[in-house]
Amino acid sequence: MQASHIQTIKRYDEHRDDARVIAKTSLPPHLHSLQLKGIDSKALNASKAWERMEERKVDWNWSLATRYCQLYPKAFDLSVWSSDTLLSLTLGRPTYMGSSMRLDFIERRPKHCLHAGDLFSVSQLAYETYGRLIGASYIRIVEPMNQKLINYYTSKDGGFVLMPAKQGNPHYLVKPL
């Protein structure tokens with residue numbers, strides 16, 4: 001790995017840490033007990049239990065997070081915990097031009113998930129905070145899985161707007177920061 005790549009990772013580590021701290025302090029009182037962290041080996045091990053849950057809607061292998069963050073040193077990774085229980089994982093990165101923050105992968109604990117209805121808002125808050133810290137103007141949700149999710153994301157207060165696919169590019173949802 002080149003020295004410049006390592007320097008970029010270190011510089012953006014500070015932004016990632018700051019975004020998690022700022023987002024944590026901005027949570028509503030009923031969510032103050034949550035911990036916002038990066039995706040580390042503890043989170044990856046905890047997410048393996050999700051693979052055996054019938055209620056799971058996606059089949060992402062979260063171990064890709066380590067490689068993803070190496071490929072994209074400006075990426076933002078988030079794990080949300082309640083005590084020792086992993087509640088959600090989120091992974092994304094800035095667009096190549098840096099004007100938007102892409103939210104590429106998001107998943108919550110499939111079964112018996114505390115604060116299930118609040119976890120997208122927690123991830124969104126952390127991503128928006130990180131986006132502002134790095135100078136992005138928008139947040140994007142890339143390739144939402146189905147119409148139910150599109151309806152959910154576009155119905156939220158100050159919600160996202162669906163951008164149709166153009167010239168073979170996937171559709172995404174966008175929201176100004």
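The values are calculated or read from the model by the stated rules, or taken from the named source; none is laboratory data. Since the structure is predicted, the reported quantities are computational estimates derived from the model, not experimental observations. Using ideal geometry, Cβ is built from the backbone for each residue, glycine included, and neighbour counts are taken over all protein chains shown.
Among the listed residues 106, 134, 141, which satisfies the condition of being in contact with a Phe, Trp or Tyr (Cβ under 8 Å, 6 or more places away or on another chain) and within 13 Å of residue 174 (Cα to Cα)? Steps first, answer last, please.
Numbers: 106 fails: within 13 Å of residue 174 (Cα to Cα); 134 fails: within 13 Å of residue 174 (Cα to Cα).
Within the list 106, 134, 141, the selection yields 141.
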* From 95, 85, which residue is over 23 Å from residue 57 (Cα atoms) and surrounded by fewer than 20 Cβ atoms within 10 Å (Cβ to Cβ)? -> 95
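I'd like to know if segment 96-110 contains one or more residues that are more than 29 Å from residue 2 (Cα to Cα) and out of contact with any helix residue (DSSP H, G or I) (no Cβ under 7 Å at 6 or more places or on another chain). Spell out how you get there, then give the answer.
We begin by selecting, within segment 96-110, every residue more than 29 Å from residue 2 (Cα to Cα); these are 106-110.
Still in the list and also out of contact with any helix residue (DSSP H, G or I) (no Cβ under 7 Å at 6 or more places or on another chain): 107.
Within segment 96-110, one or more residues are more than 29 Å from residue 2 (Cα to Cα) and out of contact with any helix residue (DSSP H, G or I) (no Cβ under 7 Å at 6 or more places or on another chain).
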* Asked: Scanning for something of a type outside the set (Lys, Arg), more than 22 Å from residue 173 (Cα to Cα), in a helix (DSSP H, G or I) and at pLDDT below 90, does segment 27-50 turn up at least one residue?
  -> yes
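Could you tell me whether segment 15-29 includes any residue that is surrounded by 20 or more Cβ atoms within 10 Å (Cβ to Cβ), within 20 Å of residue 137 (Cα to Cα) and not basic (Lys, Arg)?
Looking only at segment 15-29, we keep the residues that are surrounded by 20 or more Cβ atoms within 10 Å (Cβ to Cβ), and these are 16, 19-20, 23.
Then keep just the ones that are within 20 Å of residue 137 (Cα to Cα); that gives 16, 19-20, 23.
From what's left, not basic (Lys, Arg): 19, 23.
There is at least one residue in segment 15-29 that is surrounded by 20 or more Cβ atoms within 10 Å (Cβ to Cβ), within 20 Å of residue 137 (Cα to Cα) and not basic (Lys, Arg).
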* Members of segment 130-147 that are at pLDDT below 90 and assigned to a strand (DSSP E or B) -> 142
